[in-house]
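Chemist: One structure coming up, written as C-alpha cells, with questions to follow.
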Amino acid sequence: MTDQITPLASRPAWKALQQHAETLRPQHLREIFQADPTRGERFTAQACGLFLDYSKNRITDETLRLLIELAKESGLRERAEAMFTGEKINTTENRAVLHVALRAPRSESILVDGEDVVPGVHQVLDKMAAFAEQVRSGAWLGYTGKPIRNVINIGIGGSDLGPVMAYEALRHYSQRDLNFRFVSNVDSTDFAEAVHELNPEETLFLVASKTFTTLETMTNAHSARAWTLGQLKQTEAIARHFVAISTNAEAVSNFGIDTANMFGFWDWVGGRYSMDSAIGLSTMIAIGPENFRAMLDGFHAMDVHFRTAPLEQNLPVLLGLLAVWYNDFFNAQTVAILPYEQYLKRFPAYLQQLTMESNGKHVSLNGTPVTTDTGPIYWGEPGTNGQHSFYQLIHQGTRLIPCDFIGFYKSINPLGRHHDMLMANVFAQAEALAFGKTAAEVRAEGVAEALVPHKVFEGNRPSNTLLAERLTPYTLGTLVALYEHSVFTQGAIWSIDSFDQWGVELGKVLATRILGEIESASEPPLAHDTSTSNLIRLYRSHK
Ligand code: G6Q
C-alpha cells in the first residue's frame, strides 16, 4: 500500500485546489454568503445526533468538490476499509489499527491475522462490568473490610487523557459517593495531591499502562504501593487495592498485582485511541456499565457513518478535509476547539493528543519527507471563558484560526436563562468571526475617527458549529469518534502514519541517561552540549 503513494503535489485535485485557493483567498465570507442565499441551510450535514453547520467556511461548492476529489485520489476510502478490516496500516510498528473493534457489536467479526478479535473485546467488557458493579455497589472490599470510596487512575498520555476527559464529561452520570482522581505526572505533587486526606483502606488504584513499563506510571504506581503498605502493612493487601489495565501480564504480576485483577487489551489499540478499551475502567466505574455501553454505541454509530456515508455528507470527512484546506492552502497553523459545555472542559486537551500525536509527522508512509505542512496545532478552552481571554486574537489578530464551536440544545443543569445566554454566545461568536464589522459600520455608530481602525472586525474567519441534543455518554462517543476519523482523514490525505509516535522516544532515552548523571554519587563525566551539561551541574549543586 505504501508503495502506491502518489505524491500530494502530483495528485490532480491537489493542483486544482492550489489554483482554486488563489481565486478564493481574496473573497470574503460576506460576499460568499450574499452570492448564495441558501448556503446556511445547504452547507450542513447531520449524523448520529450531531448537526454540523460548516457554511461559515471559506469554501464554495467547487472547493468541496475538489476536496472530495482529493480524498478519493488519496485513497481515503480504501485506507479506511483497510483499517476496518484489520490490515496492518500502522506500518512503522507493523500493527493493525482497530480501535473500531473496541465498540463493535457482539454480532460482528473482525479478523486480525485470521483471528476474530470481537469476542475477546466483549469478554473484557463483561469482566470490567462485573468488577465495576462490585466497586459501585460496595461489594468490593478493601483489605480491612471497608468498601472502596476513592478510585485513583494512574496512567499517562493515552492512559490518562481519555479517562480524565471522559470522567469530567460524564460526571453528571457518575456515582457521586465515589471520588475519582487521576495521577499522571512524575512530579510527586500530582501523587501527593491525589491521595491528600484519603484513607488507603478505602482507596483503589487502577494502574493503567499498555506496556506497564512507562517511567511515570511505574514510579507513581510504586509510590501508591508504598503509600498503601505504609498503613496496611501486609503485601496481600495489594490484591484488594490495585488492579491493572495492561497488555503486559508478566510485568503486572511482577509488580504484585494478581493477574485475575488485570483487564487486558491488545497491541492494535493505540494509547490515544484507547479510552473505550479497558483503559476506560475508571469511566465505567464512574458511570456504570450501561452508560459505558451507551458511549460505545455512540462511537460505533459514528464508525458506521464514517465507513458508509457518502463523502459529501460524511461528518468526519468534512471536518478532516476542512482542516487540510486551512492548514495547507491558508497557512493556518492551529485549530481552536471551543466547547460551550462546561463538562467538556478537558476535551481540547484530549484532542491535543489525539490530533497532534497522530498527525505531527514529517515523513510520509514510505519515509520520504512530506511536501506540505501536516498536523495543525489543536488547542482550546470551554466557552464562554475563552471569550474573556484569547478570543481577541482570533477576532483581530493577524493569524487565521479556524474554530470548531460545540454546543448543545439542552443543558444538563438548567438554571434560569444561563443556557440561552451560553448558546447566544456560540452563535454570536461564529457570526462575528465570519462577518465582522466594517469601518463604515463602526463610523455609523459615531465612533471617533482615531478609534475606527481599532474597532474594525475584519471578519472572514472560518468556523464550524457542531450541535447536539444534550451531552450524554452516547453523544460523547459520537464526538470522540468524529474527531478520531477526522484525524484519520487528514492523515490519509497527507499519506502519513497517524498511528505511530516515534517523536516521543528521543526525550525518554535522554532523560534516562541524564537521570543516571543526576543521581550519580560522584561527579559524572558530562558529554552533553555545554548548555545541557551546565544545567545538570547546576541542578546537582542545588538539589
Ligand atoms: C499514545 C501514546 C502514549 C501512551 C503513553 C502511556 O498514543 O502511545 O501517550 O499512551 O505513553 O503508555 P502506557 O499505556 O504504555 O503506559
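Chemist: Using the Cα centre of the chain as the reference point, and only Cβ charges (+1 on K/R, -1 on D/E), how large is the resulting charge dipole? Debye, rounded to the nearest 20. Present the calculation step by step, with values, prior to reporting the outcome.
Modeler: Details: 46 positive and 60 negative charges, 163 e Å.
Dipole about the Cα centre, nearest 20: 780 debye.
Chemist: How much accessible area does K127 have with a 1.4 Å probe, in Å² rounded to the nearest 10?
Modeler: For K127, solvent-accessible area is about 80 Å².
Chemist: Skipping prolines and chain starts, which residues have an amide H placed within reach, meaning under 5 Å, of the one on F263, given they are 5 or more residues away or on another chain?
Modeler: Counting only residues 5 or more places away or on other chains, the set is A244, I245, S246.
Chemist: Would any residue of the stretch 334-359 have its amide N under 17 Å from a label point 7 Å out along Cα→Cβ of N185? List them or say none.
Modeler: 346, 349-350
Chemist: Provide, for q = 0.16, 0.19, 0.21 Å⁻¹, the log10 of I(q)/I(0) from a solvent-free Debye sum over equal Cα point scatterers in the stretch 191-307.
Modeler: -0.81, -1.06, -1.22
Chemist: In whole Hz, with x marking every Gly and Pro, tabulate ³J(HN,Hα) for the stretch 437-454 from phi via Karplus 6.51 cos²θ - 1.76 cosθ + 1.60, θ = phi - 60°.
Modeler: 8, 7, 4, 4, 5, 5, 4, 4, 8, x, 6, 4, 3, 4, 8, 3, x, 6
Chemist: Next question. I want to check the label-to-label distance for E290 and N331. Put each point 7 Å from Cα in the C-beta direction and report it in nm to one decimal.
Modeler: 5.6
Chemist: Rolling a 1.4 angstrom probe over the protein heavy atoms, how many square angstrom per residue are accessible across the chain? Present the calculation step by step, with values, prior to reporting the outcome.
Modeler: Working: 23240 Å² over 543 residues.
Using a 1.4 Å probe on heavy atoms only, each residue of the chain averages 43 Å².
Chemist: Let me ask something else about it. Provide the three semi-axes, in whole Å and in decreasing order, of the ellipsoid equivalent to the stretch 249-295 as defined by the square roots of 5 times the Cα gyration tensor eigenvalues.
Modeler: Values: eigenvalues 99, 42, 11 Å².
The three semi-axes for the stretch 249-295 are 22, 14, 7 Å.
Chemist: Given labels modelled 7 Å from the Cα in the Cβ direction, how far is it in nm from N199 to I377?
Modeler: 4.7
Chemist: For H172 and T259 in one chain, what is 0.36 nm times their gap in residues minus the Cα-Cα distance, to one decimal in nm? Before the final figure, lay out the partial values.
Modeler: On the way: separation 87, 0.36 × 87 = 31.32 nm, distance 3.21 nm.
Contour length minus Cα-Cα distance gives 28.1 nm.
Chemist: Separation between the D267 and K15 pseudo-spin-labels, each 7 Å from Cα along Cα→Cβ, expressed in nm?
Modeler: The two pseudo-label positions are separated by 4.2 nm.
Chemist: Hey, another quick one. Report, ordered by chain and residue number, the aspartates and glutamates lying within cross-link reach of K455, taken as a straight Cα distance under 14 Å and ignoring same-chain residues fewer than 8 apart.
Modeler: Filter leaves E441, E445.
Chemist: How much solvent-accessible surface does V363 expose, in Å² to the nearest 10, with a 1.4 Å probe and all protein chains in place?
Modeler: 50
Chemist: Taking the Cα centre of each part, how many Å lie between the stretch 405-467 and the stretch 250-310?
Modeler: 39
Chemist: Given the pairs K210/K361; K88/K361; K127/K508; K146/K233, which span a C-alpha to C-alpha distance of over 25 angstrom in this model? Working shown, then result.
Modeler: Values: K210/K361 23 Å; K88/K361 19 Å; K127/K508 34 Å; K146/K233 16 Å.
Among K210/K361; K88/K361; K127/K508; K146/K233, the Cα-Cα distance tops 25 Å for K127/K508.
Chemist: To continue, here is another question. Among L66, T144, I257, whose Cα sits farthest toward the positive end of the charge dipole of the chain (+1 at Cβ of Lys/Arg, -1 at Cβ of Asp/Glu, about the Cα centre)?
Modeler: Going by the charge dipole, the pick is T144.
Chemist: Return the FRET efficiency for the residue pair N413, A440: r is the Cβ-Cβ distance, R0 is 51 Å, and the value is rounded to the nearest 0.05.
Modeler: After rounding to 0.05, the efficiency reads 0.75.
Chemist: How large is the charge dipole for the stretch 32-131, taken about the Cα centre, if only the Cβ atoms of Lys, Arg (+1) and Asp, Glu (-1) carry charge, to the nearest 20 debye? Could you put the intermediate results ahead of the total?
Modeler: Details: 13 positive and 16 negative charges, 64 e Å.
Here the stretch 32-131 has a charge dipole of around 300 debye.
Chemist: State the answer as a single residue: which of L506, F131, V100 lies farthest towards the positive end of the charge dipole of the chain, with beta carbon charges of +1 for Lys and Arg and -1 for Asp and Glu, about the Cα centre.
Modeler: F131
Chemist: A further question on this structure: Expected output is a single nm value to one decimal: the length gained when fully extending between V504 and L393, i.e. 0.36 nm times separation in residues minus the C-alpha distance. What is it? Present the calculation step by step, with values, prior to reporting the outcome.
Modeler: On the way: separation 111, 0.36 × 111 = 39.96 nm, distance 3.04 nm.
Length difference between fully extended and current span is 36.9 nm.
Chemist: Taking a quarter of the surface of the Cα convex hull of the chain, what do you get in nm²? The partial results should precede the final answer.
Modeler: On the way: hull surface 120.0 nm².
Its average projected convex-hull area is 30.0 nm².
Chemist: Within the stretch 305-415, what percent of beta bridges assigned by DSSP are antiparallel, to the nearest 5?
Modeler: Numbers: 1 of 8 bridges.
Bridges in the stretch 305-415 that DSSP calls antiparallel: roughly 10 percent.
Chemist: How much accessible area does D187 have with a 1.4 Å probe, in Å² rounded to the nearest 10?
Modeler: 80
Chemist: So, one more: Using Cα pairs under 8 angstrom and six or more residues apart, how large is the relative contact order of the chain, in percent?
Modeler: On the way: 923 pairs, mean separation 101.7, N = 543.
Computed over the chain, the figure is 19 percent.
Chemist: Let me ask you something else. Which percent, nearest 5, of DSSP beta bridges in the chain are antiparallel? Walk me through the numbers on the way to the answer.
Modeler: Values: 13 of 43 bridges.
Given both bridge residues lie in the chain, the antiparallel proportion sits at roughly 30 percent.
Chemist: Between T23 and A251, 0.36 nm times their residue separation minus their Cα-Cα distance comes to what? Let's see the in-between values first.
Modeler: On the way: separation 228, 0.36 × 228 = 82.08 nm, distance 5.88 nm.
Contour length minus Cα-Cα distance gives 76.2 nm.
Chemist: Moving to a separate point now. Computing the accessible area with a 1.4 Å probe over protein heavy atoms, can you report the carbon and sulfur percentage for the stretch 143-289?
Modeler: On the way: 2380 of 5150 Å².
Using a 1.4 Å probe with all protein chains present, the stretch 143-289 comes out at 46 percent carbon and sulfur.
Chemist: Residue by residue through the stretch 46-54, which ³J(HN,Hα) values in whole Hz follow from phi under the Karplus form 6.51 cos²θ - 1.76 cosθ + 1.60 (θ = phi - 60°), with glycine and proline marked x?
Modeler: These are the phi-based 3J(HN,Hα) values: 9, 6, 6, x, 9, 10, 10, 9, 10 Hz.
Chemist: Using the membrane-span-like helix rule (whole DSSP H runs, Cα extent along the own axis of at least 24 Å, mean Kyte-Doolittle hydropathy at least -1.0), which helices of the chain qualify? Could the numbers behind the result be given before it?
Modeler: Details: long enough: 118-137 (28 Å, 0.11); 215-232 (25 Å, -0.21); 289-308 (28 Å, -0.42); 418-435 (25 Å, 0.54); 473-494 (32 Å, 0.53).
Answer set is 118-137, 215-232, 289-308, 418-435, 473-494.
Chemist: Further question on the same structure: Please name which of G380, F457, F180 has its Cα lying farthest along the dipole of the chain towards the positive end, using unit charges on Cβ (Lys, Arg +1; Asp, Glu -1) and the Cα centre as origin.
Modeler: Checked the options; the winner is F457.
Chemist: Between T532 and N94, take the C-beta separation as r, use R0 = 30 Å, and let me know the FRET efficiency to the nearest 0.05. Please report the intermediate quantities before stating the final value.
Modeler: Numbers: r = 34 Å, r/R0 = 1.13.
The computed FRET efficiency comes out at 0.30.
The values are calculated or read from the model by the stated rules, or taken from the named source; none is laboratory data. Everything numeric in this text was worked out from a predicted model, so none of it was measured. Cβ sites come from the backbone with ideal geometry, for glycine too, and all protein chains shown count toward neighbours. When the accessible area is computed, the model is the full protein with side chains, heavy atoms only, and any ligands, DNA or RNA have been set aside. Shrake-Rupley method; radii C 1.70, N 1.55, O 1.52, S 1.80 Å.
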